[in-house]
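Okay, so here's the structure we're looking at.
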Amino acid sequence: MDGNGRWAQQRQLPRVAGHRAGVEAVRRVLECAGALGIKYLTLYAFSTENWKRPQAEVDALMRLLVEKLTEELPDLVVRGVHLRILGNMEDLPCDVQDALRTALAQTAHNSRLYVNIALNYGGRRELVDACQKLARQVQRGELEPGQIDEEHVERELYTASLPDPDLLIRPGGEYRVSNFLLWQIAYAELYMTPTLWPDFGEQDLIAAVAAFQKRDRRFGGLKGRS
Ligand code: IPE
Ligand code: MG
């Protein structure tokens, strides 16, 4: 989700107003994703690099997360949303961790729409964490280095047991991946749009899905064969 700051700047509002408007976009997209039959949706909310922002903005983002998560939780539960966090929760402020744990526990039995929030997430960090976990298994004699294959790596990622994304949508007009799900997007279709995240809505999601449907996915093979 990108472009909150620019959206606010265009309106001469503080950046946090853009983040607030961004939360509304999340609500719209969740509703629309459910209606479109999308089963898995991952939102990139806060990267391991976002800690470099001014402390006041980081604080405002964390406050907004707790506020909105608490406010929206009953609705998420009713709509069958199953929440999961991708990233390292231990580094987050305690009140954020508490709000997240409550939300995770209350949505754990839902299965209509799986919503992953990438929070304090970095794709490289995720891969480093996976390497460390595998190295420890080798050290304990549970695994031979030569046995390590793609499935072993996948099992140690934050996304273990989730399917790889089919479609990656980047709003805000940038043409980069910004350390997002580096392993998992190996064959994802990329969709970049200039729409700033707070302006993103139902029509934008439908346009992205329609573009995806026109793509010819070969996964390295040849057309029409598998
Ligand atoms: C939201 O957009 C991304 C978050 C980290 C919450 P930005 O805050 O990056 O918005 P721009 O890029 O400054 O417009
Ligand atoms: Mg940005």
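The values are calculated or read from the model by the stated rules, or taken from the named source; none is laboratory data. On a predicted model such as this, the values are computed, not experimentally measured, just so you know. Cβ coordinates were reconstructed from backbone atoms using ideal geometry, including for glycine residues, and neighbour counts include every protein chain displayed. Each accessible area value is taken on the protein alone, full model and side chains, heavy atoms only, with ligands, DNA and RNA left out. Shrake-Rupley method; radii C 1.70, N 1.55, O 1.52, S 1.80 Å.
Under a 1.4 Å probe, what is the accessible area of the chain per residue, stated in Å²? Walk me through the intermediate numbers first.
Values: 12620 Å² over 226 residues.
Spelled out: the 1.4 Å probe surface of the chain, per residue, equals 56 Å².
Sorting 179-187, 90-98 by their mean Cβ neighbour count within 10 Å, with the most densely packed peptide first, gives 179-187, 90-98.
Let me know the charge dipole size of segment 1-106 about its Cα centre in debye, to the nearest 20, where only the beta-carbon of Lys, Arg (+1) and Asp, Glu (-1) is charged. Intermediate results must be reported in sequence, preceding the final value.
Details: 14 positive and 14 negative charges, 79 e Å.
I would put it at about 380 debye.
Placing unit charges on each Cβ (+1 for Lys and Arg, -1 for Asp and Glu) gives the chain a dipole about its Cα centre, and among ALA160, LEU92, PRO198 the Cα reaching farthest toward its positive end belongs to PRO198. Our summary gives segment 8-98 a relative contact order of 25 percent, counting only alpha carbon pairs under 8 angstrom and 6 or more residues apart.
Over the chain, Cα pairs under 8 Å with separation of 6+ residues give a relative contact order of 25 percent. Among the GluC sites (Glu not before Pro) in segment 102-151, those placed in a DSSP loop whose Cβ has at most 14 other Cβ atoms within 10 Å are GLU142. Once the chain from ARG215 to ALA105 is taken as fully extended at 0.36 nm per residue, the excess over their C-alpha distance is 35.8 nm.
The P(r) of the chain has a tail past 23 Å containing 53 percent of all C-alpha pairs. For segment 154-226, applying the loop criterion from DSSP together with a ceiling of 14 other beta carbons within 10 Å to the GluC sites (Glu not before Pro) yields GLU174. The per residue volume of the convex hull around the alpha-carbon atoms of segment 100-226 is 176 Å³.
The calculated FRET efficiency for GLU24 paired with ARG136, based on their beta-carbon distance and R0 = 30 Å, is about 0.10. Backbone amide hydrogens, once placed in the peptide plane, bring LEU182 within less than 5 Å of GLY123, excluding anything fewer than 5 places away on its chain.
Give me the percent of the accessible area of the chain that comes from carbon and sulfur atoms, probe 1.4 Å, all protein chains in place.
Numbers: 6580 of 12620 Å².
Roughly 52 percent of what the probe reaches on the chain is carbon or sulfur.
Loop-resident trypsin sites (Lys or Arg not before Pro) (DSSP state other than H, G, I, E or B) in segment 75-148 with no more than 13 further Cβ atoms inside 10 Å of their Cβ: ARG112, ARG140.
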